[in-house]
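Q: Dropping a structure here in structure tokens format, bear with me for questions.
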């Protein structure tokens with residue numbers, strides 16, 4: 001049985017989608033959700049779906065090995081960042097090399113980097129009159145949104161689309177593709 005640990009910072013819709021997708025699967029399951037936000041809705045979603053969920057602070061993540069030790073105990077086959085907003089520390093990446101992936105709400109390398117997340121991305125896409133946008137699932141390295149691209153899916157941006165319209169289209173792509181790509185990676 002392959003083991004998935006999810007990191008999230010907010011509402012946790014992608015985390016919930018992944019938990020539900022892998023629930024009752026024989027090949028993989030989400031064993032834990034970790035968050036840097038003690039008030040994140042993802043904690044409630046995980047609890048409702050009977051998945052262990054913990055919050056941690058910046059010190060536990062970047063300056064000590066507290067989070068790393070949790071991961072070592074859980075031995076995940078894949079660490080999935082699903083709306084996780086902090087840069088992932090090298091000491092964790094070194095131990096879990098090529099086992100940490102992220103989903104980004106744009107077609108990288110466009111609209112990536114520090115501060116480019118959520119509505120910030122969609123507002124920039126609309127402001128720049130892009131004709132298309134999409135999602136990128138990529139490996140995580142020591143730089144924001146810079147790791148090798150695993151998968152991309154596109155959608156059109158209409159001239160009358162608002163940032164909220166774009167967010168809705170991106171959410172549909174995430175719900176459809178993210179679990180399938182995670183499953184594919186686990187089966188490789």
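Q: What pairs can you find where one residue is in the range 111-135 and without any contact (Cβ under 8 Å) to a residue 24 or more places away in the chain and at negative phi, the other is loosely packed, with under 12 Cβ neighbours inside 10 Å and part of a helix (DSSP H, G or I), and their Cβ atoms are less than 7 Å apart, with a gap of 6+ or different chains?
A: Partner pairs satisfying both residue conditions: none exist.
Q: Right, something else. Looking at the range 12-34, is at least one residue in contact (Cβ under 8 Å) with a residue 24 or more places away in the chain, farther than 16 Å from residue 182 by Cβ and surrounded by fewer than 19 Cβ atoms within 10 Å (Cβ to Cβ)?
A: The answer is no; no qualifying residue exists.
Conditions (1) outside any helix (DSSP H, G or I); (2) closer than 17 Å to residue 15 by Cβ; (3) touching a residue at least 60 places away in the same chain (Cβ under 8 Å); (4) in contact with a helix residue (DSSP H, G or I) (Cβ under 9 Å, 6 or more places away or on another chain), marked per residue:
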residue	(1), (2), (3), (4)
151	yes, no, no, yes
155	yes, no, no, yes
161	yes, no, no, yes
164	no, no, no, yes
174	no, yes, yes, yes
182	no, yes, yes, yes
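Q: Another one. Kindly evaluate residue 98 against the criterion of being closer than 26 Å to residue 68 by Cα and under 14 Å from the mean Cα position of the chain (by Cα).
A: Values: closer than 26 Å to residue 68 by Cα: yes; under 14 Å from the mean Cα position of the chain (by Cα): no.
Criteria not met by residue 98.
Q: Among the residues of the range 62-84, count how many are assigned to a helix (DSSP H, G or I), in contact with a helix residue (DSSP H, G or I) (Cβ under 8 Å, 6 or more places away or on another chain) and under 17 Å from residue 97 (Cα atoms).
A: So in the range 62-84, the residues assigned to a helix (DSSP H, G or I) come out as 62-63, 66-74.
Adding the requirement that they be in contact with a helix residue (DSSP H, G or I) (Cβ under 8 Å, 6 or more places away or on another chain) leaves 66-68, 71-72.
Narrowing further to those that are under 17 Å from residue 97 (Cα atoms): 67-68, 71-72.
Here the count works out to 4.
Q: Then there's this: I'm trying to understand the selection: among the residues of the range 102-133, which are in a strand (DSSP E or B) and surrounded by fewer than 22 Cβ atoms within 10 Å (Cβ to Cβ)? Reasoning before the result, please.
A: Within the range 102-133, the subset in a strand (DSSP E or B) is 102-104, 132-133.
Selection gives 132 alone.
Q: Give the residues of the range 85-101 that are part of a strand (DSSP E or B) and touching a residue at least 60 places away in the same chain (Cβ under 8 Å), sorted by residue number.
A: Quick first cut of the range 85-101, residues part of a strand (DSSP E or B) only: 100-101.
The answer is 101, and nothing else.
Q: Oh, and also: Just to be sure I understand the filter: pairs with C-beta atoms under 7 Å, separated by 6 or more residues or on different chains, first member in the range 61-77 and over 17 Å from residue 28 (Cα atoms), second member assigned to a loop (DSSP other than H, G, I, E, B). Which pairs pass?
A: 61/36; 61/86; 61/89; 62/89; 66/56; 67/56
Quick note: the coordinates plus some simple rules give every number you see, no bench work behind them. Being a predicted model, the structure only gives us computed values, none of them experimental. With ideal geometry, Cβ positions are generated from the backbone for all residues, glycine too; neighbour counts draw on all protein chains shown.
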